[in-house]
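Every number here is computed from the coordinates shown, using simple stated rules; none is lab data. Not measured: the values here are computed from a predicted model. Glycine also receives a Cβ, built like all others from the backbone with ideal geometry; neighbour counts cover every protein chain displayed.
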């Protein structure tokens, strides 16, 4: 299974995202809570392949803030259209308030963890923007992102052109107030 080290090797985050150079970090972890924090600190507030966004805690842009997006996720999961997703979340032993938003897509799909830091396994969902379908995965999110970028895993909710021969990651630049 690939991990955060494999993702960093494939799409290095900008050096400014961490006070320590990524080459000196030990990115191999077997702890879901640690992996989540590292993923968000290295990549939060940026985008893979101009489509898959990663949120960061307390990001100044509310569209990239995991807290702001988690609040929005809970609102979406309360809607009638999300009944099958709520059922699956209950089957897994959680409530909608146990979901934590880690990312989203340009199409409006929602990416979340089921808050299972204390468990030996981790489950996440990518929820279709229409709230009527979802893609479930288990394991480390960095592994999922890496495997999506190299084509090892396909998310049926993502467009075919998500896969790129040269996977990329970028952080959007704020608009120039003097332009």
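General observations
- Spin-label pair residue 168/residue 67, simplified geometry with 7 Å Cα→Cβ offset, distance in nm: 3.2 nm
- For the peptides 72-78, 52-58, the ranking by mean Cβ contacts within 10 Å, running from highest to lowest, is 52-58, 72-78.
- Taking 145, 126 and counting other C-beta atoms within 10 Å, the order from fewest to most: 126, 145
- Cβ-based exposure ranking for 32, 97, in which fewest neighbours within 10 Å come first: 97, 32
- Global form of region 30-179, assessed from the alpha-carbon gyration tensor, a/c cut-off 1.5: rounded
- Ranking of 134, 48 by count of other Cβ atoms within 10 Å, fewest first: 134, 48
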